[in-house]
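Laboratory data are not the source of any read-out in this text; all were calculated from the coordinates shown. Computed from a predicted structure; not experimentally measured. FYI the Cβ positions are ideal-geometry reconstructions off the backbone, even for glycines, and counts take in every protein chain you see.
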Amino acid sequence: MNNDTTTSGLTFDIQLSDRRKTPQEREALLESPGFGKVFTDHMVSIHYTEGKGWHDAKLEPYGPLSLDPATAALHYAQEIFEGLKAYRHPDGSLASFRPESNAARFNRSAARMAMPELPEELFLKSIELLLEHDGDWVPTKEDFSLYLRPFMVATDVGLGVNHPSRSYVYLLIASPVGSYFSGGVQPVTVWLSRDYTRAAPGGTGAAKFAGNYAASFLAQAQAVEQGCDQVVWLDAREHRWVEEMGGMNLWFVFGSGENARLRTPPLTGTLLPGITRESLLTLAPDLGIPAEEAPISTDEWREAAESGELTEVFACGTAAVITPVGRVKGDDGEFTVGDGTPGPVTMRLREELVGIQTGLRADKHDWITRF
C-alpha cells in the first residue's frame, strides 16, 4: 500500500510493511522488550545530496540498509544521532517530551560534524509519521515507553578524506523499552576515570556524535573491572573537574529539606547539553529547589560527601531519566554519597519529571508535543 503526505515542500512516500507483527506477536514483545533490542514495523528515511537538498522521503518497512563497503560513514565516522521517547498518556494519546529541543540539538551536532542541517519541520514530521503507523508499539506499562532514534550518516562512496561527504541519509527507527538499567531506579557505583578523556576543548564533546561513544567503551570496561556500573568523565587538562557520567549529565544536591540546593557542571563545550539537564534547571526552582551551573572538583565531591554537606548525587538523561549515584571509586579510594540510597530530592525530581512526560502532572512549560 502506497500513499503520499507532503510537508515543507517534500512529499513522503508511504510504503507499509506486509510483514507487520500481529497484535498477539506485538504484545508478547512488549511484555519485556529490554532496551533497544526490539524494533517497530517501520522506519523513516530522507536522503540528502549536495546541490539538490533533501529528497526521497519515505516511511518504509524496517529492515537492513544496503551500503557500499567504501561508504564514508564506515571509514570516517560522519554519523550523529538523537534519543527521545514517545509516551502513551492516560487519555490514550501519544506524546513526546520537548522534541523541538532534540531537533535543534540534532542540527547543532550536524553543524559541528560538517553535515547538512535537517529542517525542524521534517524532523518532527518523521516522528509524527512513524507514530501514526507504529503507535500501537507504544507500551502502556508503567516506566515503559517507545524510544525514538533519529540519526544521520554520510553516504559518499570513496576513500578520500579531504572533504566531508556530499550525500547523507537521515533515518528514524523506534524501539519499545523498559528501564535503561536492569535493576530499575537503584543507586549506581561510579568510577572516576583519570586514564581516559571523553572530550577536550575544541573537540566534539558537545555534539551527539557516534565517535564520542566509541571512545568511551574502554573507560566503561575499566569501570566494570573496578566493580562499578558507570564511568565518570573528568576534564582533559587536569583530570579533576567533574564533567559527565557515561552519557548522562551529573547533578549534586547540597543540604537537605528546605535548605537543599542543586549544582550541575556548566556547559564548557566538552559536555553534551542534555535536554533533561536543561529541563531540571527550570523544574527544580518550580519545586522550590535552587539550581545553579557551577564547577565541582573530585576533591570537593569527596570532602563534601564525607562532611555530610553533599547529601545526594544523580545523573540524568533521556534513556534512564534520573539515576541516583550511591558510591564513588577512584585511584585514591572510595566513598559513599549520603547513606548510599536514593535521596528524597532525587526521587522528587524524578517523579515530577516522569509525571510531566507521561501526562500525570501539569505541563506548565509546554514541553509536551502530542502526535
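Rounded to the nearest 0.05, what FRET efficiency do residue 104 and residue 60 have when you use their Cβ-Cβ distance and R0 = 25 Å?
My answer for the efficiency is 0.40.
May I ask for the distance between the Cα centers of the range 47-120 and the range 272-328, given as a whole number of Å?
30
Using a Debye calculation, one point per C-alpha and no hydration shell, please list log10 I(q)/I(0) for the range 71-111 at q = 0.19, 0.25, 0.33 Å⁻¹ in order.
-0.67, -0.85, -1.05
How far is helix 344-357 tilted off the main Cα axis of the chain, in degrees rounded to 10, range 0 to 90?
20
Quick one: length gained pulling residue 114 to residue 281 fully straight, 0.36 nm per residue minus the C-alpha distance? Spell out each step's value before the answer.
Numbers: separation 167, 0.36 × 167 = 60.12 nm, distance 3.01 nm.
Separation in residues times 0.36 nm, less the Cα-Cα distance, equals 57.1 nm.
For the range 278-371, what does the relative contact order come out to in percent, with C-alpha contacts under 8 Å and a separation of six or more?
With pairs under 8 Å counted, the relative contact order is 20 percent.
Once both labels are modelled 7 Å past Cα along the beta-carbon direction, what's the residue 293-residue 363 spacing in nm?
2.5
Could you quote the convex hull projected area for the range 11-178, Cα atoms only and averaged over all directions, in nm²?
Quarter of the Cα hull surface area: 10.3 nm².
Please tell me the relative contact order of the range 11-178 in percent, rounded to the nearest whole number, where contacts are Cα pairs under 8 Å and at least six residues apart.
With pairs under 8 Å counted, the relative contact order is 33 percent.
Let me test this: with uniform point scatterers at the alpha carbons of the chain, what is the Debye-based log₁₀ I(q)/I(0) at q = 0.15 1/Å?
Log10 of I(q)/I(0), two decimals: -1.39.
Helix 275-286 sits at what angle to the longest principal axis of the chain, using alpha carbons and giving 0 to 90 degrees rounded to 10?
Roughly 50 degrees, rounded to the nearest 10.
Excluding residue 123 itself, what net charge comes from residues whose Cβ is under 9 Å from its Cβ, given Lys and Arg +1 and Asp and Glu -1?
Charge balance near residue 123 sits at -3.
Give me the number: length gained by fully extending residue 142 to residue 166, i.e. 0.36 nm times residue separation minus the C-alpha to C-alpha distance, one decimal in nm.
4.3 nm
Using just the alpha carbons, could you tell me how many Å³ per residue the convex hull of the range 186-363 encloses?
Once divided by residue count, the hull of the range 186-363 is 109 Å³.
How large is ³J(HN,Hα), in whole Hz, for each residue of the range 242-258 in order, when computed from phi with the Karplus curve 6.51 cos²θ - 1.76 cosθ + 1.60 and θ = phi - 60°, using x for Gly and Pro?
So the J values, rounded to whole Hz, are 6, 10, 9, 10, x, x, 10, 7, 9, 10, 10, 9, 9, x, 8, x, 5.
Work out, step by step, the length gained on full extension between residue 70 and residue 221: first 0.36 nm times the residue separation, then minus their alpha carbon distance; give nm to one decimal.
51.3 nm
Quick one: angle between helix 99-112 and the longest Cα principal axis of the chain, in degrees between 0 and 90, rounded to 10, please.
90
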